[in-house]
Structure formats: C-alpha cells, structure tokens
Amino acid sequence: MIYPTKALAKDQEQQLTDLVQRLPNTTISLGSYDGDTPQRERQAVWQQPPQILRTNPDMLNASFLGWAEKYTQLYANLRWIIVDEVHEYRGYFGSNVALILRRFAHHLRQLYGVSPQLFMCSATCANAQDHAELLTGRDFISVDGSDALRPTRQYWSVQLDVPDAGYWDELRNRTVDAGLACLEQGKSVLVFCPTRIFAEECKRQADVRLSKNPDDMPGVTSDSIQVFRGGLTAGQRHKIQDGIHAGDIRLVFATNALELGINISGIDGVIMAGFPNNMMSARQQIGRAGRSWKSQAFVLYLPRNNPLDRYYATNIDELIERELDALVVNPENNVLVERHLPCTLYETPAFNGGKDLLGDVLYRQVTEKSGQFYRSRKRPHYNLDIRGGGSTTFKLWVGRRELGSMSGQQRFREAYEDGIYLHGGEAYRVESVTTTRNKAGRIDLVQLGDEDQYLRTIPKITASISKEEVWDGMRWNLEDGPIDVLYGQVTVTERIHVVEEIDERTNRRIRRWQPENSSSYWDGEGVWIDFHEVLDATQASVWAFEQMLRIGTLLTILADQNDLVMYAAGKEHRAYIVESFEGGIGIATQVLDLWREALEKGMAVALNCSGKCVEGCPRCIMPPRMRDQPDKQGGLRLAQQILKATKRPHNQELRNGFWGSA
C-alpha cells in the first residue's frame, strides 16, 4: 500500500489495525516501511514480510528498488499493489513517481516473473483512468463511487478591507483571531497556512496572546496549539498526530502536509488562510472538516491579497463546485529519465523487452546503455530528488540537536546567510551553511542559533530570463511584421537583491545586507509571446500583460502556483510563462494550446479588480515581488491587440528550427 506521505500512512495504520481485528477467524499481519522505521523492524520485513505493508514512493525508490536484493521473499509472493491518493502524483513529483512505478513493475517482471494487480485510488481526480495508465503504463478499468455520504458544511468567505501595505500582517492577525475564537467556543480547528513561515508565526502569535491573557481562555494551553509541516522529525510528527486524534491538540496551524486523506475525527472546521497551490488541494483541505459526523462542519476562507485568492473569494461557488481539470504528468521528460537511468540499470541490469512498461524514452536509453551496471559503493538511488526543490537536502541543527530538514530551494529562500529561520514558533539565526563529506557521503548542514523572537528577516527576490532555445511555435504574419507564440527551454536566474531585518515590536528596520550566495538558476520549459516591434508597448505594459497571462493560466489548467515562475523580466516586446522545474512537466505544452483562453481570463480578473484600481494592484495584476509599477491599462490594450491579431488561424509553424507554412 503506497501513500504519498508518511503522515497519511501512519493515519491508515490504526484504521487497518481496527479493521483486521474485527475480521472473524483470521489473522492478518501488518507492517510499515518508511524513513522512520527502526532498523530491527526493517530486518523483520526482509526476513518475514507482513501480509499488508505500507510505504511511500521515496522508499519504493531508495529501498525497495535501491536494495531490491533484500526483498526477494516479498517480491516472489506479491499479489496486489494499492496506490492511494493518486491525484497527488502530478507535475514534477508525479512524473518522478510515474518513472518509479514503471521501474518497479519492470523489475518485478524481469527478475521474478510476477505482475501484481494494481489498484489506484482517488476521491478528487478528473481523469482517473487516463492518469493511472500514464503513471504506470498499464491498462485500467474505472470504478466510480458516489459522494452521497459527504457531510454538511457551511462555507464562509471573508473579504478583508485592509490596505495593501499591511495586508499580510493583518491576514495573519485575523487567522490567529479566528483560530483562538474557535477554541474559545469549544471547537477544534485545522488552519491551513500558505507557507511554513506563516504557520510558525501564527503559532508564536497565539502563544503570546495566551501568555498575556491566560484568564480569557481557561483550560487552553500552549500545548493544545501546534504547528504541523514538513521538516519536522518523526517524533514531532507522530506526537502531534496522536494529540489530534486524542483531542488534546485542538488548534493546528498546518501547511499542506495535513491536507491529504487523514481521518482526523472530531475536527469541527477548517480555516483556509489563502487559496492553496491548486483546486485539488483546496478540495482536500475542505474535506478535513466534518470528519466526526456529529455536527455541521464549517469552512472559513480568508483570501490573501493576490488575484487568484480574491477571485475565489468573490466566486465562492466556483471554489466549492468547479470541476477539476485533467492532471498533468510527463514520464517522457528527458531530464528526469536521465536521472532515473542509473537507478534502472543498477536494479535491473539484464533486459529482455519492457518497452510497454518503461515507455519510449526510458526504454531507448536503457537499451543503449544496457550492460553498464553502475555498481559503485554508493547506490545512485539516494541522489534522486523526486519531490522537487533541488537534489540537495539540508539538515537543520541547533548546537548538537537536529531540528529538521529542508530542500535546497527552501534553503535558498528561507535559510540564507545570517537570516532568521522560524521553527516550532521559535526564531533562530542562521549561523552557517556548510557542505562536508565523510564515508557516508555528502552532508549539507544549516547551523542555527537562538535569536530574539521579535526579529524577522525579509528577502527581496527577483527572477530573470538569461537565454532561450526554441522547439515549437506558431506565427501570425501582419503588415508590420510577425507575432510569434513560441515553446522551448529558458534559463531562469533568481537573485536575492537585499535582505531586511525588522523588529516587529516597533516595525523598525534594523539593517540591510546582500547574502554572499545570492543567486540560483535552473533550466525550465516555457511559452513566450514575441510581438517584436509590431505593437507599441512599454516594459510596464508588458509586465502587466505577462501577469494577466499567468493568472489566467492558473484559472485555465490544473497547475500549482509554484509550478510557474512568478515573474520573469523579459524584453520589451516579449512575455513569458515558465515552468519552475527542469525538463518540463507538461504545463507549457498545455499553455501553448490554451494561451488565448488563459489570456482572456486574466484580462477579466484585471477588469473586475476587487480594489477597483485603474493602474494595477496586488488584487488584480501586481505580482508579489514586482519592483516597479506595471501599466494595467497599457497591458489591457496590448492583450486586446494581440487577441485581435491572432483571432484567425496562424500562417506559419516552426519545424526543425525553420518556419514553414501552417
């Protein structure tokens, strides 16, 4: 049984235990195998596998394939594989999982002659059968169920009338207010926060209010309020989950780590501090409310000050009822295939067919390099990053105590030189970031020290395009020249221009500096519209146009906000939509087909700005890290001109690097 997270697998442990205990005249052995499993329990799995074993894709790659020789007894008798929450396997993560599932099925067939039956499960998947087949290379039959037992929920959407400059702080204040008010009324609540830092700050702020006014909420202690997010240690995660189930923890500020199908009974409501990364995550968060069936549940939605959040705040019915879009996954991603190739050759060195499972690209590379055994001392599986954020994982230490972990991308944004990092509601100063090597391999470490709880650091980050490689495109020839819509690869560079340190007690800026390692870059697939000098445009109007296209894309296809570069400063006559992950996950190709529809939706958001602005604001087109004011009216004129000019079919198409007739 494969689950996308350890939290979900642990939640299923008790439910499976209760279920098998109720079965008459039979005994079924259960087990789990993940990064938290002690060594003695791992050895038991090798020697005498349980009848039902729970794990996750990370262990499927690193252990069940990386150390496949230890599981011969398990594999020889493997009959069924159940993959739960398959809607989580989309985009970059899903593309990696697709390759892992294909490698696993191929390994079992090649070395053991077994082909276990697959069951793929999801409650929020628009194209379930197609997605399952793309993930695995196998044929499926779709079995649909009803949601008739869905509990009754009340939905509340709050439009905050707050100035743009102080919106983020006020959103955090209102979120904490709402959570504490629910506690005061005897309710238990999950608060889904937009970022890990936001969740940590909410916890800290709630603790401060409790300490100042302990008599206002008798019986409520700091221990009944917790933060749940990625990067916690196994002991911390399990303690919080057990506390939620027992009712000792009644207010949890969580990231999306708790949004999956965890059966948290007794939760009365959910507070959504902002729209999550995509519509599917929103449905998952909403689904956490009302798990006890004892009373009517509630969902409170507090939008952030950005176009997507504001759109759903004013269109709450669409948040609840909008049909889900088709999932995107790309197991033919050449960059990812190259990363999986050493693992594939290591675990299954002899090949006899298998193209039906591996897919064209991986099979071709495997057959070309068959016989290269990759038998180094360190198995290549540990170097494979399947969840994104770079291939590096940094350990966090305070003194000699391990605090947690984070990805390389998180490290760049949150644990930069001399910055303040929040964990468990506590503030820490980044003292050093080091990379060392020992016999076990590479160690990436962030060393932290204690810091004043009222200090915060804020980085100013921008992104830019440095080069392009065109693969596909369409051209409309006009009297004054062409308009091109192009698809290809671009290099994106992120830079931390400055870090500001703020004392929250006085809101006073203490100092500013630029970290030494202030740049990060990657190659991503993208679509860009090049109108050369056919249309009169300023840089500010192009920025506005670009943001309309990005916002419309997020309302048109199923894409995480983090899947797209938030802002790429292009040339004066060019606008970009760029995927965040190297090699592409299929979003750019969808944008190439649907860019006109996306642009029209983005224009509608700009025209119907909830702030009624003329020049552009964070509620309609102003991106989070924009340094200069975009020209909203100029962007609208530019969008209208481009839509008009491209209304008829295009004249030419790009083939093999040359323009030819369409």
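Quick notes on this structure:
To keep it simple, each residue is scored yes or no on (1) touching a helix residue (DSSP H, G or I) at 6+ places or on another chain (Cβ under 6 Å); (2) closer than 22 Å to Pro194 by Cβ; (3) open to solvent by 40 Å² or more (accessible area, probe 1.4 Å).
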site	(1), (2), (3)
Val578	no, yes, no
Asp631	yes, no, yes
Gly635	yes, no, no
Ile642	no, no, no
Ala645	no, no, no
His650	no, no, yes
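Okay, residues lined up against (1) at pLDDT 85 or above; (2) among the charged types (D, E, K, R):
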position: Phe545; (1), (2): yes, no
position: Ser580; (1), (2): no, no
position: Ala604; (1), (2): yes, no
position: Ile621; (1), (2): no, no
position: Arg637; (1), (2): yes, yes
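- Residue tally, condition part of a helix (DSSP H, G or I) and either at pLDDT below 80 or not aliphatic (A, V, I, L, M) (or both), over region 157-173: 9
- Residue match in region 217-225 (condition: under 18 Å from the mean Cα position of the chain (by Cα) and at pLDDT 85 or above): no
- Criterion: touching a residue at least 24 places away in the same chain (Cβ under 8 Å) and at positive phi - qualifying residue of Gly231, Gly219: Gly231
- Count - residues of region 499-517 that are at pLDDT 85 or above and either out of contact with any Ser or Thr (no Cβ under 6 Å at 6 or more places or on another chain) or among the β-branched types (Val, Ile, Thr) (or both): 13
Matching residues to (1) under 21 Å from Ala297 (Cβ atoms); (2) out of contact with any strand residue (DSSP E or B) (no Cβ under 9 Å at 6 or more places or on another chain):
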residue	(1), (2)
Val162	no, yes
Ala165	no, yes
Val189	yes, no
Ile197	no, no
Arg204	no, no
Arg209	no, yes
Asp223	no, yes
Phe228	yes, no
Leu232	no, no
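- Taken over region 417-436, residues that are assigned to a loop (DSSP other than H, G, I, E, B) and of a type in the set (Gly, Ala, Ser) amount to 3.
- Total residues in region 401-416, condition part of a strand (DSSP E or B) and open to solvent by 10 Å² or more (accessible area, probe 1.4 Å): 4
- Checked against (1) in contact with a helix residue (DSSP H, G or I) (Cβ under 9 Å, 6 or more places away or on another chain); (2) closer than 13 Å to Pro331 by Cα, Glu85 passes all but a single condition, namely (2).
- Candidates are the residues of region 124-156 that are of a type in the set (S, T, N, Q) and modelled with pLDDT under 90; the one that is surrounded by the fewest Cβ atoms within 10 Å (Cβ to Cβ) is Ser146.
- Selection status of Val446, within 30 Å of Asn651 (Cα to Cα) and part of a strand (DSSP E or B): no
- When Ile496 is tested against the conditions (1) of a type outside the set (D, E, K, R); (2) open to solvent by less than 20 Å² (accessible area, probe 1.4 Å); (3) out of contact with any Ser or Thr (no Cβ under 8 Å at 6 or more places or on another chain), the lone failure is (3).
- Residue among Lys70, Lys6 that is modelled with pLDDT under 90, out of contact with any Ser or Thr (no Cβ under 7 Å at 6 or more places or on another chain) and open to solvent by 10 Å² or more (accessible area, probe 1.4 Å): Lys6
- Total residues in region 509-534 satisfying the condition of being assigned to a loop (DSSP other than H, G, I, E, B) and either open to solvent by 20 Å² or more (accessible area, probe 1.4 Å) or of a type in the set (Asp, Glu) (or both): the figure is 6.
- Only residues that are of a type in the set (S, T, N, Q) and either touching a strand residue (DSSP E or B) at 6+ places or on another chain (Cβ under 7 Å) or not in a helix (DSSP H, G or I) (or both) were counted in region 5-27, giving 6.
- Taking region 241-325 and the helices (runs of 4 or more DSSP H) fully enclosed by it, the elements with 2 or more residues that are modelled with pLDDT of 75 or more and either open to solvent by 40 Å² or more (accessible area, probe 1.4 Å) or aromatic (Phe, Trp, Tyr) (or both) are at 307-314, 316-321.
- Failed criterion for His87 (all others in (1) within 24 Å of Leu558 (Cα to Cα); (2) modelled with pLDDT of 90 or more hold): (2)
- Qualifying residue in region 39-55 (condition: under 22 Å from Cys343 (Cα atoms), aliphatic (A, V, I, L, M), part of a helix (DSSP H, G or I) and open to solvent by 20 Å² or more (accessible area, probe 1.4 Å)): no
- Candidate set: region 78-113, residues that are part of a loop (DSSP other than H, G, I, E, B) and not hydrophobic (A, V, I, L, M, F, W, C); chosen: the one farthest from Pro349 (Cα to Cα): Glu85
- Test: residue in region 519-530 that is within 16 Å of Ser464 (Cβ to Cβ) and charged (D, E, K, R): yes
- Search result, residues across region 1-30 that are basic (Lys, Arg) and touching a helix residue (DSSP H, G or I) at 6+ places or on another chain (Cβ under 9 Å): Lys6, Lys10
- Scanning region 161-175 for residues that are hydrophobic (A, V, I, L, M, F, W, C) and more than 25 Å from the chain's Cα centre (by Cα) turns up at least one hit.
- Selection of first residues in region 459-471 that are open to solvent by 90 Å² or more (accessible area, probe 1.4 Å) and of second residues that are β-branched (Val, Ile, Thr), restricted to Cβ pairs under 8 Å at least 6 apart or on distinct chains, gives the following pairs, ordered by first then second residue: Lys460/Ile496; Lys460/Val498; Lys460/Val499; Lys467/Val490; Lys467/Thr491; Glu469/Val490.
The values are calculated or read from the model by the stated rules, or taken from the named source; none is laboratory data. The shown structure was predicted, so the numbers you read here are calculated from the model rather than taken from an experiment. For neighbour counting, all protein chains shown are included, and Cβ atoms are generated from backbone atoms with ideal geometry for every residue, glycine included. Please note that ligands, DNA and RNA were not included when accessible areas were found on the heavy atoms of the full protein model with its side chains. Shrake-Rupley method; radii C 1.70, N 1.55, O 1.52, S 1.80 Å.
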